[in-house]
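Engineer: Handing you this structure, nothing more for now.
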Amino acid sequence: MNEAERYWKLSADPFSPDVENWFFVGSPQRAALAQFGLRVPKKPPVISLVASPANGTTTLLKHLSLFRGVGNTATQFAFLGKREVAILHDRVIQQEGVLSNLKSLANRGVHSIWMSDCYHACLLRLMQKLKNVSALTFLIAMSPDDFLRSEMHLGTLPPKIELQPMPLDDTRQFILQSMRRVDGDASIFAESAIERLHRVTGGRIGEIACLANRALTLAAQEHSLKITAHTIEYLTRFYKRRSA
């Protein structure tokens, strides 16, 4: 338990990205999941998940990896980091059961979906090796620039799912639910602090979580009773100076 958790009497880190069985569903997340539900039954070879940095694509993909079906489509998900992509690429080259496993799943009516939270050369090589496998879809998180470049790499623009930044009300609910999840007092963050935090981060959930966590630590060090807009403003100026 760290200093902020002790001071605020929290049972865990409220803004940790590595929490199992908890996923914040705001309006952008609901919209992205709905778009995904429309795309998957068509079984395209590639689907792009387009978002700005720190906007929660990794968390969304990990949440999707828990699914066992989309609508009437039976699916098997796999979340691939760079290491897993490299291992799969080697196994495909060596024909060590990857293709037979995909075929076996397809024969049972299961469509495989391999997900990556970044767009990189190793993944593109793996996709090239498996381009003729009809029972496989790659779901790839991309920046807007990566999406524009993907047409050159893939020969066509893949179907796109957009994950937008959150509106203010979602930012508010994310902070309140995160605090309640760890037995925290939801009123620790003043409304003015939430509004300021939302403006500074542009509604990007990863940035919100990072800055809110820093605010908890700073306010604990100062023995504050509340996190205010001044707390957020100070952190914003301080980190801007450090990065300058």
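The values are calculated or read from the model by the stated rules, or taken from the named source; none is laboratory data. Given the structure is predicted, the values throughout are model-derived calculations rather than measurements. Cβ sites come from the backbone with ideal geometry, for glycine too, and all protein chains shown count toward neighbours. Accessible surface areas use protein heavy atoms only, side chains included; no ligands, DNA or RNA. Shrake-Rupley method; radii C 1.70, N 1.55, O 1.52, S 1.80 Å.
Engineer: Tell me, which residue of the range 149-182 that is β-branched (Val, Ile, Thr) and closer than 30 Å to Ala74 by Cα is surrounded by the most Cβ atoms within 10 Å (Cβ to Cβ)?
Structural biologist: The selected residue is Ile161.
Engineer: Follow-up question, since we're still on this one. Identify the residue in the range 33-56 that is in contact with a strand residue (DSSP E or B) (Cβ under 7 Å, 6 or more places away or on another chain) and part of a helix (DSSP H, G or I) and, among all such residues, is farthest from Asp183 (Cα to Cα).
Structural biologist: Result: Pro41.
Engineer: Further question on the same structure: Would the range 84-94 turn up any residue that is within 19 Å of Leu60 (Cβ to Cβ), outside any strand (DSSP E or B) and under 26 Å from the mean Cα position of the chain (by Cα)?
Structural biologist: yes
Engineer: Which of the residues that make up the range 158-168 are over 15 Å from the mean Cα position of the chain (by Cα) and touching a residue at least 60 places away in the same chain (Cβ under 8 Å)?
Structural biologist: Scanning the range 158-168 gives Pro158, Pro159, Lys160, Pro167.
Engineer: Taking Asp146 as meeting all but one of (1) open to solvent by 70 Å² or more (accessible area, probe 1.4 Å); (2) part of a helix (DSSP H, G or I); (3) of a type in the set (Asp, Glu); (4) in contact (Cβ under 8 Å) with a residue 24 or more places away in the chain, write down the number of the exception.
Structural biologist: That leaves (1) as the condition not met.
Engineer: Right, another one. Take the residues of the range 1-46 that are at pLDDT below 90 and acidic (Asp, Glu): which is nearest to His111 (Cα to Cα)?
Structural biologist: In this case the residue turns out to be Glu20.
Engineer: Those residues that are open to solvent by less than 40 Å² (accessible area, probe 1.4 Å), touching a Phe, Trp or Tyr at 6+ places or on another chain (Cβ under 8 Å) and not hydrophobic (A, V, I, L, M, F, W, C), I need them from the range 57-94; list them, please.
Structural biologist: Those that are open to solvent by less than 40 Å² (accessible area, probe 1.4 Å), touching a Phe, Trp or Tyr at 6+ places or on another chain (Cβ under 8 Å) and not hydrophobic (A, V, I, L, M, F, W, C): Ser65, Thr75.
Engineer: Same structure, new question: Report, by residue number, each residue of the range 95-120 that is assigned to a helix (DSSP H, G or I), open to solvent by 30 Å² or more (accessible area, probe 1.4 Å), under 25 Å from Gly37 (Cβ atoms) and not polar (S, T, N, Q).
Structural biologist: Within the range 95-120, just Ala106 meets the criteria.
Engineer: For the range 18-32, name all the residues that are part of a helix (DSSP H, G or I) and open to solvent by 80 Å² or more (accessible area, probe 1.4 Å).
Structural biologist: Within the range 18-32, Arg30 is the sole residue that qualifies.
Engineer: I would also like to ask the following. Which pairs turn up if I take residues in the range 77-104 that are at positive phi and look for partners that are in a helix (DSSP H, G or I) with beta carbon separation below 8 Å, at least 6 apart in sequence or on another chain?
Structural biologist: Gly97/Arg91
Engineer: When the range 184-221 is examined, which residues are found to be open to solvent by less than 40 Å² (accessible area, probe 1.4 Å), outside any helix (DSSP H, G or I) and not small (Gly, Ala, Ser)?
Structural biologist: Result: Phe189, single match.
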